[in-house]
Amino acid sequence: MSMDPGVEAPEELLEHWVAGWARCRGYRTAKEHGHPAAYIDEKLDDWEYFAVEPGAEDFAYLAASTSQGAKRVLTVLTNDPHKYTALAEQHGLEVVASDQSMMTVDMETQDTEPPWLNDDDLKVAVSHPDGHHQVVVTAHGLDAAHGRVAVSGPYAVFDKIETADAFRRRGLGTFVMRALAAAILEGDVETGLLVASAEGRLLYGHLGWVHRYNVLIMRPSSQSGTPLFNA
């Protein structure tokens, strides 16, 4: 029987999410003051640090590390966003994105059968590059929808679940999620993890996923930019 997604330690969730997310995107990982970090090549060419509900001392250390690079990012998972918005201001950071959520699901509740496309114009390809699994749906050679998943311990980390504007409202997001689940459920995967946009939460909630933490993305106050997560 799989673990209830409500009882995992927050630090465990974060460690495995960062590991799977970084594997999906080809980032290298490290630790900063005991917290996970990833080197973001294509957008930052610098480090992104992660923490879940950090204490004041840990937050101060991570904020100082973030401030050492103009493009560095600190991402905090929390259920008290006002507290960490205030802490960010105190330490010279600003919150540049706050509308995303970490979500989890008990993988035993997910459909493990490979789904079928009911449209002859759509083609699906499943591949397994660089330690993760990828599903791409195309229509006449155009990318209609895609997504990735990587396994870290008993966790499946889903990433980059995206549908092109011209193909929305056709169930392709659900199809991609189910195809990815079918690709990894041969192992002992117990819990699904992902970071979702506000729009994505509607899809994932329909599939049984539950909100766990708000995701705050912070940068040095003189910097600005777009969020790093797309789910």
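Computed from the coordinates by the stated procedures, all read-outs in this text should not be read as laboratory data. Here the structure is a predicted model, which is why all the values come from computation and not from measurement. Backbone-built Cβ (ideal geometry, glycine too); neighbour counts: all protein chains shown.
Quick notes
- Rg/Rh for the stretch 106-207, where both radii come from Cα atoms and Rh is the Kirkwood radius: 0.94
- By the rule of a C-alpha distance below 16 Å, with chain neighbours fewer than 8 residues away ignored, no aspartates and glutamates are paired with residue 43.
- Charge-dipole axis of the chain as Lys and Arg at +1 and Asp and Glu at -1 on Cβ define it, positive-most pick from 20, 176, 110: 176
- Among 166, 150, 179, residue whose mean-square fluctuation peaks in a GNM of the chain (springs only between Cα atoms under 10 Å): 166
- Within the shell of other residues whose beta carbon sits under 13 angstrom from the beta carbon of residue 84, the net charge comes to -4, with Lys and Arg scored +1 and Asp and Glu -1.
- Against the chain, whose longest principal axis comes from its Cα atoms, helix 10-25 is set at around 60 degrees.
- Amide hydrogen proximity for residue 46: with H placed 1.01 Å from N in the peptide plane, the residues at 5 or more positions away or on another chain lying under 5 Å are 40.
- With Cα atoms, 0 to 90° folded angle of helix 56-67 axis to the chain main axis: 80 degrees
- Distant alpha-carbon pairs in the stretch 33-88 (separation over 19 angstrom), percent: 25 percent
- When the chain is treated as a GNM with alpha-carbon contacts under 10 Å, the residue of 122, 14, 77 showing the greatest mean-square fluctuation is 122.
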